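*Asks:* Just dropping this structure here.
Rule-based calculations on the coordinates, nothing more; no lab input. Only a predicted model underlies this, so the values are computations on that prediction, with no experimental measurement involved. Cβ atoms come from the backbone with ideal geometry, glycine included; neighbour counts cover every protein chain shown.
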Amino acid sequence: MQNTDSKKDSSGINTATRLAGLLGHPVGHSVSPYLQNFLAEKYGINMVYLGFDIEEGKLEDAVKGGLAMNAIGFNVTVPYKKDVMEYLAGVDAIAEKIGAVNTLKLEPDGYHGYNTDMPGFGRALDYAGIDVKDRCVVMIGAGGAANAVLCSLLEKGAKNVLLLNRTVEKAEALAERFRSDYPDSRIYTGSLDGTEKSYPGAMDDISKDKWIAIQCTSVGMSPKTDETPINDDSFYDRLDAAFDIIFNPEETMFLKKAREHGAKVSNGLGMLMFQGIRSFEIWNSLDVSDDIADELLSGMREEVKKNTVKKGGKPKRKFSFIVNDPKKKHSGKNTQKYT
Ligand code: ATR
């Protein structure tokens with residue numbers, strides 16, 4: 001749905017401007033408004049993208065509000081990626097498989113849900129020059145983000161995936177959801193601490209080749225930047241490439257150790273960028289070029305730095321709206337903020 005015919009006026013916005021936005025709670029530090037408005041500007045699309053902090057219990061109202069206002073689409077983030085599915089006219093097969101929707105696109109019968117984290121991760125791997133086809137991959141973490149990552153690895157033809165998680169039952173449940181759909185790949189599970197089948201023994205059992213590691217837990221995220229889910233040097237010795245879905249800090253302890261052991265490394269900013277690019281492509285039926293992606297990525301790096309909380313300081317907020325809950329009128333939490 002391109003909307004290039006009615007150009008924005010000098011303020012950047014006119015009555016033909018279409019709305020898009022992010023639905024989440026919280027959304028204060030999101031880079032998505034920067035990302036989407038950058039792309040809209042580059043491709044001459046008359047749309048504006050805002051962050052909407054949707055309080056608990058208000059998600060259905062938010063989706064209905066979008067419909068009423070003919071909003072072109074939304075991104076959906078934590079904690080609504082599963083819950084939003086019940087308010088949609090349709091959900092595509094990949095999003096159904098992953099069990100999470102992060103993109104809504106307006107169609108004549110309502111919003112349809114997609115998952116762009118999965119192709120976004122795949123494109124970020126390509127961008128980083130990490131090829132998982134026929135390779136052995138160790139994934140650390142089995143939470144929400146791990147679903148899209150595992151699906152992408154399997155789609156790309158990873159041969160063996162060893163899924164390590166603090167809670168092994170969760171790793172096993174995740175593996176089980178995908179095993180029958182990808183019979184050519186083997187998905188093994190194990191723990192992080194060696195109490196169950198674990199690394200590096202399990203890695204050696206499966207293959208003595210070098211491995212690619214994907215870090216999908218929240219461990220090492222700012223401000224706890226000196227933590228890593230795996231400390232053991234023998235683990236890092238086995239890697240020739242490592243990807244961390246965290247992008248703040250730019251280099252987690254996990255990536256630092258992997259790099260110091262000679263692996264090619266990439267952080268998660270590319271994944272964030274490509275999931276946003278894919279959403280923009282879905283809304284506007286176009287393909288974003290590599291040159292624009294390069295330019296966008298450097299802008300995003302700066303944006304993340306600006307939004308990072310410094311000691312004693314507050315992050316700069318951009319385009320963030322808070323949907324109010326009238327029941328909390330006297331709690332001091334219902335102040336409407338347009339920043
Ligand atoms: P997300 O949506 O970002 O994936 P999540 O669903 O809460 O977030 O999942 C967080 C992941 O980080 C999980 O794999 C979690 O392990 P558990 O399944 O055992 O909870 C992992 N994780 C969080 N804190 C951890 C820690 N201190 N050590 C190891 N793993 C941790």
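*Asks:* In percent, what relative contact order does the range 119-267 have, based on Cα pairs under 8 Å that are 6 or more apart in sequence?
*Replies:* Across the range 119-267, relative contact order equals 21 percent.
*Asks:* If the cut-off is a Cα-Cα distance under 15 Å, which aspartates and glutamates reach K197, setting aside same-chain residues fewer than 8 apart in sequence?
*Replies:* Partners found: E169, E172, D205.
*Asks:* Any of K105/K306; K156/K208; K97/K156; K82/K156 with alpha carbons more than 18 Å apart? Name them for me. Provide the component values of the computation, followed by the final result.
*Replies:* Details: K105/K306 30 Å; K156/K208 21 Å; K97/K156 16 Å; K82/K156 24 Å.
In this structure, K105/K306; K156/K208; K82/K156 lie more than 18 Å apart at Cα.
*Asks:* I've got another one for you. Please report L286, L22 as a ranked list, fewest other C-beta atoms within 10 angstrom at the top and most at the bottom.
*Replies:* Going from least to most buried by this count: L286, L22.
*Asks:* I would also like to ask the following. Show the residues, 5+ positions off or on another chain, whose built amide H is closer than 5 Å to the amide H of R186.
*Replies:* N160, V161
*Asks:* To the nearest Å, what is the center-to-center distance of the range 203-229 and the range 126-161, using C-alpha atoms only?
*Replies:* If we compute the Cα centre of each part, the gap is 13 Å.
*Asks:* Local charge sum around V137 (other residues, Cβ-Cβ under 10 Å, Lys/Arg +1, Asp/Glu -1)?
*Replies:* +3
*Asks:* OK, next. Assuming R0 = 22 Å, what is the FRET efficiency of D134 and E96, from their Cβ-Cβ distance, to the nearest 0.05?
*Replies:* Details: r = 27 Å, r/R0 = 1.24.
About 0.20, to the nearest 0.05.
*Asks:* Please arrange T15, T103 by how many other C-beta atoms lie within 10 Å of their C-beta, fewest to most.
*Replies:* Values: T15 6, T103 25.
So the ranking, lowest neighbour count to highest, is T15, T103.
*Asks:* Continuing with the same structure: Going by amide H atoms built from the backbone, whose H comes under 5 Å of the H on Y111, apart from near neighbours?
*Replies:* Long-range HN contacts for Y111: A89.
*Asks:* With axes computed from alpha carbons, what is the tilt in degrees of helix 117-127 against the longest principal axis of the chain, rounded to the nearest 10 within 0 to 90?
*Replies:* The answer is roughly 60 degrees.
*Asks:* Here is a follow-up. Please work out the ratio of the alpha-carbon Rg of the chain to 2.2 N^0.38 Å and round it to two decimals.
*Replies:* In units of the globular-protein estimate, the chain measures up at 1.03.
*Asks:* Hey, another quick one. Quick check: the angle from helix 269-284's long axis to the longest principal axis of the chain, C-alpha only, nearest 10 degrees?
*Replies:* Taking the Cα atoms of the chain, the angle to 269-284 is about 40 degrees.
*Asks:* Given the Cα-Cα distance of K159 and S298 and 0.36 nm per residue of separation, how much length would full extension add, in nm? Each step should come with its number before you reach the end.
*Replies:* On the way: separation 139, 0.36 × 139 = 50.04 nm, distance 3.31 nm.
Between K159 and S298, full extension yields an extra 46.7 nm.
*Asks:* Turning to a different aspect of this structure: Give me M118, M253, M85, M69 sorted ascending by neighbouring Cβ count inside 10 Å, so fewest comes first.
*Replies:* Starting with the residue having the fewest Cβ neighbours, the order is M69, M85, M253, M118.
*Asks:* How large is the dipole of the range 119-267 about the Cα centre if only Lys and Arg carry +1 and Asp and Glu carry -1, each at its Cβ, rounded to the nearest 20 debye?
*Replies:* Rounded to the nearest 20 debye, it is 260 debye.
*Asks:* Work out the charge dipole of the range 119-267 with +1 on the Cβ of Lys and Arg and -1 on the Cβ of Asp and Glu about the Cα centre, then indicate which of A158, P200, V138 is farthest towards its positive end.
*Replies:* A158
*Asks:* Add -39500 (n - 2.57) for each DSSP H run of 4 or more in the chain, then divide by its residues: what number comes out at 222 nm, to the nearest 500 deg cm²/dmol?
*Replies:* Helices in the chain give a 222 nm mean residue ellipticity of -10000 deg cm²/dmol.
*Asks:* Calculate the dipole size of the chain relative to its Cα centre from +1 charges on Lys and Arg beta carbons and -1 charges on Asp and Glu beta carbons; express the result in debye to the nearest 20.
*Replies:* Here the size comes out at about 1220 debye.
*Asks:* Assuming R0 = 41 Å, can you tell me the calculated FRET efficiency for the pair T225 and E56, based on Cβ-Cβ distance, to the nearest 0.05?
*Replies:* 0.85
*Asks:* How about the range 94-202: which trypsin sites (Lys or Arg not before Pro) there are in a DSSP loop, with at most 14 other Cβ atoms within 10 Å of their Cβ?
*Replies:* Sites meeting the loop and neighbour criteria: K133.
*Asks:* Still on this structure, I have one more. Sticking with the crude label model, points 7 Å out along Cα→Cβ, report the distance from E260 to S285 in nm, one decimal please.
*Replies:* Here the modelled spin labels are 5.3 nm apart.
*Asks:* Let me ask you something else. For D232 and K170, what is the calculated FRET efficiency with R₀ set at 25 Å and r taken between the beta-carbons, to the nearest 0.05?
*Replies:* 0.75
*Asks:* Also: Going by a ≥ b ≥ c, the root eigenvalues of the Cα gyration tensor, does the range 93-229 fall in the rounded group (a/c under 1.5), the prolate group (a/b larger than b/c) or the oblate group?
*Replies:* Here the range 93-229 falls in the prolate category.
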